[in-house]
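One structure is given here, and the rest of the page talks about it.
The values are calculated or read from the model by the stated rules, or taken from the named source; none is laboratory data. Being a predicted model, the structure only gives us computed values, none of them experimental. FYI the Cβ positions are ideal-geometry reconstructions off the backbone, even for glycines, and counts take in every protein chain you see.
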Amino acid sequence: MKTIAIVHFSGSGHTRLLAEAVGRGAVSVPGIQVLAHAISGGEIQDGRFQNAALFAALDSADAIIFGTPTYMGGVAAQFKAFADATGGIWYRRGWKDKVAAGFTHSGSPSGDKLATLQYLSLFAAQHGMLWLGNTEAAAAQVDDPVGLNRTGAYLGVAGFGGEAPGQSLHVHAGDLHTAAALGRRVADVVGRFETTVQLAAA
């Protein structure tokens, strides 16, 4: 059984819904289990993220998918605290050659989400990870209710939207489908690596 970890921070709940969709896509592939972790404020003490058990679990995962809302053109402070706390893992190259991917959400179609996805991919590159982007062709219209990749983002999943006052929390169906597709892609690639290793050993 291969393990895909999904580590995310969600402020208003939209990124959490994307994370859940990523997880559904991943576990739809046989032989895959998901370790999901939502970063909380309680894990940040004196400005430093602390969760030794999580880092031990991530060391054992075959892939890690990162998620954060885009705030002010970049990752959320809570996610950055998590990223900064991985310095020791970086030093010993603990995540080298793990598969990585990422997703984000903001209130507007642009919201400078590309900067967030670039940060996530560079963070993975710092660790020597293998980044997988979003391969889904862009939908013809951003308001397509079920269109994959309606924002035309290929570095990762970039969802957008919000609710009017009094409406319940929701994420656009197209963004959820795109997130699930990313989860499936990561799971497929992780499974392919296993097959390659088995064939080489034979």
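Only residues that are under 16 Å from Ala85 (Cβ atoms) and among the small types (Gly, Ala, Ser): list them for region 1-52, please. Ala5, Ala38, Ser40, Gly41, Gly42, Gly47, Ala52, listed by residue number.
Taking the conditions (1) modelled with pLDDT of 85 or more; (2) more than 24 Å from Val27 (Cα to Cα); (3) touching a helix residue (DSSP H, G or I) at 6+ places or on another chain (Cβ under 8 Å); (4) of a type outside the set (A, V, I, L, M) in turn, Thr135 satisfies each one other than (2). Remark: pairs (first residue in region 5-18, farther than 19 Å from Gly42 by Cβ; second residue surrounded by fewer than 22 Cβ atoms within 10 Å (Cβ to Cβ) and aromatic (Phe, Trp, Tyr); Cβ separation under 8 Å; 6+ apart in sequence or on different chains) are absent. In this entry, Thr86 is excluded by the filter for residues that are among the polar types (S, T, N, Q), touching a strand residue (DSSP E or B) at 6+ places or on another chain (Cβ under 7 Å) and in contact (Cβ under 8 Å) with a residue 40 or more places away in the chain.
Taken together, Gln33, Gln78 contain a single residue that is surrounded by fewer than 16 Cβ atoms within 10 Å (Cβ to Cβ) and among the polar types (S, T, N, Q), which is Gln33.
Among the residues of region 168-183, which ones are farther than 16 Å from Ala5 by Cβ, touching a helix residue (DSSP H, G or I) at 6+ places or on another chain (Cβ under 9 Å) and assigned to a helix (DSSP H, G or I)? Residues satisfying the conditions are Asp175, Leu176, His177, Thr178, Ala180, Ala181.
Would you say Val142 is modelled with pLDDT under 95, within 21 Å of Gly23 (Cα to Cα) and either surrounded by fewer than 18 Cβ atoms within 10 Å (Cβ to Cβ) or among the small types (Gly, Ala, Ser) (or both)? Lay out the reasoning, then the answer.
On the way: modelled with pLDDT under 95: yes; within 21 Å of Gly23 (Cα to Cα): no; either surrounded by fewer than 18 Cβ atoms within 10 Å (Cβ to Cβ) or among the small types (Gly, Ala, Ser) (or both): yes.
Here the answer is no, as Val142 does not meet what is asked.
The single residue among Ile44, Ile39, Ile64, Ile6 that is β-branched (Val, Ile, Thr), buried (at least 21 other Cβ atoms within 10 Å of the Cβ) and either over 12 Å from the mean Cα position of the chain (by Cα) or modelled with pLDDT under 95 (or both) turns out to be Ile39.
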